[in-house]
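To keep things clear, I will list the structure first and then write my remarks on it.
The values are calculated or read from the model by the stated rules, or taken from the named source; none is laboratory data. In this text the structure is predicted, and so the values were computed from the model without any measurement. Backbone-built Cβ (ideal geometry, glycine too); neighbour counts: all protein chains shown.
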Amino acid sequence: MDRCVVLVDAGYLLGAAASLLAGEPARPRIAVDHARLIQGLRERAEADTGRELLRIYWFDGAPDRVPQPEHRRLRVMPRVTVRLGALTRSDGRWAQKGVDAAMHAELTELARNRACADIVLVTGDGDLLPGLMSAKEHGVAVHLWAVQAADGDYNQSEDLVAEADERRVLDRAWITQAVRVSEPQANGGLPRTDIAAILSAPLPEKGSGESGTPAEPATNGTAPAPAACPAQGGEAPSPPTPKGVPTPKDLASLGRPVPPPATATLRWSSDRGWIERGPGDEPGETAALPTLAQLTSAEQRWADREEDITTVGGDPFEVGQVFARRWTERLANETPLRQLSTEYPRIPHRIDGELLRYAARFGLLAHKDDQIDEQDRYAIRAGFWREVDGRTGAERAPS
């Protein structure tokens, strides 16, 4: 077929770009305009090969191969296919697994099936040398692109460079059209007042009957850990008290949850640390607010899933907004919406739990470095309240 194909090793491309612009190969140090980057790759490939683009394959790693927000944005772009390998942590460093093998398999299949006449490889890994040689034997012209090295030296395998039919270096001027150094921001670029309001929610007085913050469902599917309850023959041993939000190790140390009696007090993880909550703490009107699942028909559920796959990028703030938009639009009247608005910044725990379970579909709230990502939670809730306030016209005073 008289087309060209681009195979991108995202770890190489973005890591080398970070080294060039920020001085270290840490991808969080750079901000990427993926739409502009893809458009730049397409235009350069078509200009270099003189052929129309068939497709861009984007190879990257992700924890448990769960698409991250950037992968969700990329995979709905025209002529872009995302292939994910695993991202694992070893000796304190992140490493991709399976990405090279996937690139090798795609490279050889494209050449063997004569799906294209030219293949552009954006990589530096010498493990792709056998695949490159195989593609050449099938009559495919192989173009090897490099990112300008920060030290002026090669950042690619010399054997790979020697075997390529054509070479090009993507220089600093080209890279900076779509990539820039990321400015450090305490709140990840989200509106400071939204998250500040959630963080500053007052804790309740003991016995006041108000929690002040939403109950947290356990993100790994386990129930909240009960407080120690009396057992026959003595008291149950007290588990170690977690500091702040529990880590997976803390949760594991609590053992299998024992159903508490009806009068027991549960300890819920909240965005202000650990708080006490009794079974009747939530006001009746708030506890009766309908969940999104109760408001959603089978047809709407299918349409929601389609929108999640094709439109929602997966940014935490955006996820909170999408959930709130669906919830508010499906209410039969505005009474529940006005009731919810009076609870700001506290989200009733039934709705909050459903919100966080929805966010988990996008790979958010994952355990990162053995810590539950609280910043994502703040951003999700901030997005939720921004959408609700937009519907009610409420104006929140900055905290």
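A few points about this structure:
- Of the residues in segment 115-136, at least one is acidic (Asp, Glu) and at pLDDT 95 or above.
- Leading residue by the ranking (surrounded by the fewest Cβ atoms within 10 Å (Cβ to Cβ)) among those in segment 149-204 that are of a type in the set (A, V, I, L, M), at pLDDT 90 or above and over 16 Å from Asp125 (Cα atoms): Ala173
- The sole residue among His71, His104 that is over 16 Å from Val142 (Cβ atoms), surrounded by 14 or more Cβ atoms within 10 Å (Cβ to Cβ) and modelled with pLDDT under 95 is His71.
- Any hit, segment 335-342, residues being at pLDDT 85 or above and either touching a His at 6+ places or on another chain (Cβ under 8 Å) or exposed (fewer than 15 other Cβ atoms within 10 Å of the Cβ) (or both): yes
- A search for C-beta distances below 8 Å between a residue of segment 340-353 that is of a type in the set (Asp, Glu) and any residue that is part of a helix (DSSP H, G or I), counting only pairs 6+ apart in sequence or on different chains, returns Glu343/Thr286; Asp352/Arg381.
- Listed by position, the helices (runs of 4 or more DSSP H) contained in segment 288-333 that have at least 3 residues being touching an Asp or Glu at 6+ places or on another chain (Cβ under 8 Å) are 316-329.
- Test: residue in segment 74-89 that is without any contact (Cβ under 8 Å) to a residue 24 or more places away in the chain and assigned to a loop (DSSP other than H, G, I, E, B): yes
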